[in-house]
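The values are calculated or read from the model by the stated rules, or taken from the named source; none is laboratory data. Note that this is a predicted model, so its numbers are computed, not measured. Methodologically, a virtual Cβ is constructed for each residue, glycine included, from the backbone with ideal geometry; neighbour enumeration extends over all protein chains shown.
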Amino acid sequence: MLAEIYALYSARDGGVRYVGWSGDSALRFKEHLRSEGCPVGRWIAREWRDGHLVQYAVLETCDYDRRHAAETEWIWRFPGSDLLNRRKQRRWFWTQVQKPPTVPATKKYMRRHIFNVEGFRGVHYDREEGRYRVWVYNGSWPSWLTGDELPCARYCQIHRDPARRDLALQLAKALGLENLGPGLAPAATPA
């Protein structure tokens, strides 16, 4: 039987923040997404609130009997202050300052996407597909909406009329959406 050593990373900077093992890393990743109250769950929630997607990457596939040793080896390859893992980290007096290893999957993902396009939180551009994606919550699970134009551009163009613009701003504030992007400045009142 095989085990996978995986890493969780954020689209904020591509830095690995958690290393773990599982027989099925995709299933374990979904469990992490639903976790609340633990450091990993709180970190994922903060990243999503800031519009940065959290992903996982398989670091190594190993024999099931070797899973704990392989996980520990990978944890020790990353600087302890950046990881949320606390149990298996080396103590400060055992470690030497080292550069974390490059994870090809995270590097590829970061090069493929532009995140928080034009300051709009949760709006990403996929360079390979040439499409925009908006990270939305569908009531029980976050998911992507895709399109071929920047979602906020049309909204900003429609509301050039000062009265409609102010009404749109009031509606956005009432719905709690005023911080999703750079926002619309209130229309200047005529003198």
>> Being at pLDDT 85 or above and not aliphatic (A, V, I, L, M) is the requirement here; does Asp65 meet it?
In response: yes
> Based on what the data block shows, is Glu71 surrounded by fewer than 19 Cβ atoms within 10 Å (Cβ to Cβ) and on the phi < 0 side of the Ramachandran plot?
Replying inline: no
